[in-house]
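To start, the structure itself, in structure tokens.
The values are calculated or read from the model by the stated rules, or taken from the named source; none is laboratory data. Quick caveat: nothing in here was measured; it's all calculated off a predicted structure. Quick reminder, even Gly has a Cβ in these numbers, built from the backbone with ideal geometry, and neighbours come from all protein chains shown. Remember, those area values only see protein heavy atoms, side chains included, never the ligands or the DNA or RNA. Shrake-Rupley method; radii C 1.70, N 1.55, O 1.52, S 1.80 Å.
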Amino acid sequence: MIFVEFLIKRILQGLVIVAITSFVIFTLLRVIPGDPVRLIVGGMAPDNVVEEVAAKMGLRDPILVQYGRYMGNLVTGDMGQSYLRPKSGMIATGGEYVDPTKSDMAEVWDLILERVPLTLQLAATALVFALLVSLPIGIAGGLRSEGWPARIAFGIQSLFVSIPNFWLAIILILFLSVKWHLIPALGYKGFAYVILPAIVLAVEISPFIIRTLTTSLAEVMQSYFIDEAKVRGLPRRRIVFGHALRNASVPLINLLGIQLSTLIGGVLVVEYIFDYPGLGHLTVVSVVGRDFPVIQGIAITISAVFVFINILVDLVAYMIDPRVEL
Amino acid sequence: MSDVAQITPTAPVAAENEGQSTVTMRILKTAWRSKAFQFGFWIFVILVVTSLILPLVSPVSATKMAIREKFLPPLFMGEGWSWIHPLGTDQLGRDMLMRCMVGLRYSLMIGIITVVLMFIVGCGLGLLAGFKGKWWDTIIMRITDAQLSLPMIILAITILGISKPSVASIIVVLGLSGWPLYARVARSAAVTEREKEYVRGLRVVGAGDWRILLLYAAPNILPPIAFVAVLDIARMMIFESILGFLGLGIQPPTPSFGSIIADARKYLINAWWIATSPGVFLAVALTAINLMGASLEKARNTVYAGAR
């Protein structure tokens, strides 16, 4: 029963968060100078045409009216249509007149759905890479918190956290892709194109994993039940992998919830650099083009994912260690 | 972000007012004893001093173009290098060393100012919420929750992408992303502090809330949080360079690491040094700061564990 209560409470809270996020983004887009209509009709168009199109698109109504209309549509599953992208998939180039009120513009929802699997694939690969590197380092550092493994963990952590992701991306592209032709980069034509961006993301995530794992494992190794397991004569391997790691993994899972915004930020930048056609790439391009409906749709999707993963994190932490409060 | 979240906000037993300065000193001394801290510290000092002085005394300019001297390689790295441009020149013949120095200045300045602001605003509101309780607490903490659950990067890109970025707006956007964590930590520390003997004593003597908070409680609560804030300077510097890379940071012709690297992508194959050197400078500066920050954090944890 606690379970159901928890789920209902968190989902309701989540809906409020998503509503707030969407309202903040919605308002910001309209308050901050920069008129999308100007971009749509082109710089040469006379002012009265701009106003006409803007009125037709409903952009001159009070913000609350616009927001109400938007949320009304959203409830029915309609996120609106892109200002810039026609259904065919080609982006309208500057100055070329495309009437955004017509129905041949791409549905925001379709644009997002198309890209979600690619972004998930990238994030999952990066997470696997990060764990492959940081689990051995973190475990070694946590088990010998005074010796050289801990110092190595400390050094790697300080170094990795100091490498700017976009710079690392460029250097990797230059050497591995352009000079030595080892791994393809830029664009997406199959799984090989995930590897480089995933490495960059993994370097960004792993310091946090190493750090949390070393601290929490070192702490767990000090606790009574580990001493007791030693007294019981359990082999060290079993103590570490069967008992200590399980307990040390709760902070690790919580970390995922805390670091999620960093991860999303990283995905965004990395996708943009590698021209990887995921959600992050779509975000940057849409902001530059002031494609309001797409930006709003992405913000709502991401905050919903945010909420969902945080609920999931709490549930998993609870399953590993039922003492954790829900 | 976990850097701040992982603070254990309980003040050490020894840290009652007059004992505080010694605890702070002890933490600094413990940190100073580690090689990692010294290493980071000296690199940091060297970088700061050269970035402040070199552009003042050198006749070479960071923004002056000299088309005839474009794409000069760094020392010993190919044809046409010269001692005047030890790190080579960029596509417009501007000196890379000077551009890196000025970029480093801006990066450090924005990082430090942002963290100071985040610290003041976040800790101020957190102390207020924790110390005053009641509706202060409710309102401030609800705002904090809301802020923490917004994906900040999207907000930042939206704000800076649609308006014209300036140093001030960059600092505000970066600061927005960080203050709530400070508010949370400061609040929970204030809640524990409020119940302590000396605070009650001060109340009995007749000291008001504000007086206790500013003169007695804050000096106890803030130093431990400040030690960890050092790590955030590095985080903010990275964030700033990312914004610059996306074209949302300090605008050209003022050099900033992010925008230099973004421009240099076009010349990557023939002039690799333009993209490389700013990244190396940034990474070295960040490593120095991170080494100091992580050592301070470690030292604080050791000292506090000893005090318990």
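Which parts of segment A:129-166 would a label at A:PHE191 reach, counting a residue when its backbone N lies under 14 Å from a point 7 Å out along Cα-to-Cβ?
Residues A:129 fall inside that zone.
Could you check the spin-label model distance between B:VAL284 and A:ILE8? Points 7 Å from the Cα along Cα→Cβ, value in nm.
Distance between the two pseudo-spin positions: 6.2 nm.
Calculate, in nm to one decimal, what B:TRP83 and B:LEU56 gain on full extension: separation in residues at 0.36 nm each, minus their alpha carbon distance. Please report the intermediate quantities before stating the final value.
Details: separation 27, 0.36 × 27 = 9.72 nm, distance 1.82 nm.
That works out to 7.9 nm of additional length.
If one computes the Cα centroid of segment B:199-224 and of segment B:33-82, what distance in Å separates the two points?
47 Å
Give me the residues in segment A:5-37 whose solvent-accessible area, probe 1.4 Å, is reduced by at least 10 Å² once all protein chains are included instead of the chain isolated.
With the partner chains in place, segment A:5-37 has these residues losing at least 10 Å²: A:ILE17, A:ILE20, A:THR21, A:VAL24, A:ILE25, A:LEU28, A:LEU29, A:ILE32, A:PRO33.
What does the charge count around B:ARG142 come to, taking other residues whose C-beta lies under 14 Å from its C-beta (Lys +1, Arg +1, Asp -1, Glu -1)? Walk me through the numbers before you get to the answer.
Numbers: positive: B:LYS134, B:ARG184, B:ARG187; negative: B:ASP137, B:ASP145.
Here the count lands on +1.
Using a 10 angstrom cutoff on alpha carbons, build the Gaussian network for chain B and name the most mobile of B:PHE119, B:PHE76, B:PHE44.
B:PHE76
Of all the accessible heavy-atom surface of segment B:115-171, with the other protein chains kept in place and a 1.4 Å probe, what percent is carbon and sulfur?
Values: 1670 of 2190 Å².
Solvent-exposed carbon and sulfur of segment B:115-171 make up 76 percent of the total.
Which whole-number value in Å² is the accessible area per residue of chain A, probe 1.4 Å? Walk me through the numbers on the way to the answer.
Details: 15880 Å² over 326 residues.
Per residue, chain A has an accessible area of 49 Å².
What residue among B:ILE120, B:ILE225, B:ILE46 shows peak mean-square fluctuation when chain B is described by a Gaussian network model with Cα springs under 10 Å?
B:ILE46
Using Cα springs under 10 Å in a Gaussian network model of chain B, which residue among B:SER166, B:SER188, B:SER58 shows the largest mean-square fluctuation?
Its mean-square fluctuation being the largest, the pick is B:SER58.
So which trypsin sites (Lys or Arg not before Pro) in segment A:200-245 are both in a DSSP loop and have at most 11 other Cβ atoms within 10 Å of their Cβ? Spell out each step's value before the answer.
Values: sites: A:ARG211, A:LYS230, A:ARG232, A:ARG236, A:ARG237, A:ARG238; in loops: A:ARG232.
Passing sites in segment A:200-245 are A:ARG232.
Would you work out if segment A:191-262 is rounded, prolate or oblate? Take a ≥ b ≥ c from the square roots of the eigenvalues of the alpha-carbon gyration tensor; rounded if a/c is under 1.5, else prolate when a/b is larger than b/c, oblate otherwise.
Working: a/c = 3.76, a/b = 2.27, b/c = 1.66.
Because a/c hits 1.5 or more and a/b exceeds b/c, segment A:191-262 counts as prolate.
Please give the solvent-accessible surface of A:VAL284 in Å², to the nearest 10, using a probe radius of 1.4 Å with every protein chain present.
Spelled out: A:VAL284, probe radius 1.4 Å, area about 10 Å².
Show log10 I(q)/I(0) for segment B:171-306 at q = 0.13, 0.16, 0.17 Å⁻¹, two decimals, from a solvent-free Debye sum over equal Cα scatterers.
One equal scatterer on each Cα of segment B:171-306 leads to -0.73, -0.92, -0.98.
Can you give me the Cα centroid spacing of segment A:1-65 and segment B:146-166 in angstrom?
First find each Cα centre; the distance between them is then 14 Å.
Give me the summed buried accessible area for the A-B pair, 1.4 Å probe, to the nearest 100 Å². Write out the running numbers ahead of the final one.
On the way: alone 17900 and 15160 Å², together 29080 Å².
In total, chains A and B hide about 4000 Å² from solvent.
As an exercise, use a Förster radius of 60 Å and the Cβ-Cβ distance of B:ILE139 and A:SER145 to find the FRET efficiency, rounded to the nearest 0.05. Walk me through the numbers before you get to the answer.
Numbers: r = 42 Å, r/R0 = 0.69.
In this case the efficiency is close to 0.90.
Only Cα pairs under 8 Å and at least 6 apart count here; give the relative contact order of chain A as a rounded whole percent. Let's see the in-between values first.
Values: 367 pairs, mean separation 74.9, N = 326.
Taking the mean separation of contacting Cα pairs over the length of chain A, I get 23 percent.
Relative to the longest principal axis of the C-alpha atoms of chain A, give the angle of the C-alpha long axis of helix A:148-160, reported between 0 and 90° and rounded to the nearest 10°.
Its long axis makes an angle of about 10 degrees.
Does anyone have the angle between helix A:47-57 and the longest principal axis of chain A? Alpha-carbon axes, 0 to 90°, nearest 10?
With both axes taken from Cα atoms, the answer is about 60 degrees.
Using the beta-carbon distance between A:ARG69 and B:VAL172 and R0 = 41 Å, what value does 1/(1 + (r/R0)^6) give for FRET efficiency, to the nearest 0.05?
Values: r = 30 Å, r/R0 = 0.74.
Efficiency, rounded to the nearest 0.05: 0.85.
How charged is the neighbourhood of A:ARG60? Take every other residue with its Cβ under 12 Å from the Cβ of A:ARG60, and add Lys/Arg as +1 and Asp/Glu as -1.
On the way: positive: A:ARG30, A:LYS56; negative: A:ASP35, A:GLU51, A:GLU52, A:ASP61.
So the environment of A:ARG60 carries a net charge of -2.
At 7 Å along Cα-to-Cβ for each site, give me the label-to-label distance between A:ASP47 and A:ALA304 in nm.
Placing both labels 7 Å beyond Cα along the Cβ direction yields 4.1 nm.
With contacts defined as alpha carbon pairs under 8 Å and 6 or more residues apart, what's the relative contact order of segment B:58-192 in percent? The partial results should precede the final answer.
Values: 173 pairs, mean separation 33.3, N = 135.
Taking the mean separation of contacting Cα pairs over the length of segment B:58-192, I get 25 percent.
For segment B:32-307, calculate the relative contact order in percent as a whole number, restricting contacts to Cα pairs under 8 Å that are 6 or more residues apart.
Working: 398 pairs, mean separation 68.3, N = 276.
Relative contact order of segment B:32-307: 25 percent.
So if R0 is 22 Å, what FRET efficiency would B:TRP42 and B:ILE112 give, r being the distance between their Cβ atoms, rounded to the nearest 0.05?
Numbers: r = 18 Å, r/R0 = 0.83.
Computed FRET efficiency for B:TRP42 and B:ILE112 comes out at 0.75.
Looking at segment B:186-234, which GluC sites (Glu not before Pro) are in a loop (DSSP not H, G, I, E or B) and have at most 13 other Cβ atoms within 10 Å?
Details: sites: B:GLU193, B:GLU195, B:GLU197; in loops: B:GLU195.
Sites meeting the loop and neighbour criteria: B:GLU195.
So for the pair A:VAL128, A:TYR224, with labels modelled 7 Å out along Cα→Cβ, what separation do we get in nm?
4.2 nm
For segment B:32-307, what is the accessible area per residue in Å², given a 1.4 Å probe and the full set of protein chains? Please report the intermediate quantities before stating the final value.
Working: 11560 Å² over 276 residues.
Heavy-atom accessible area per residue stands at 42 Å².
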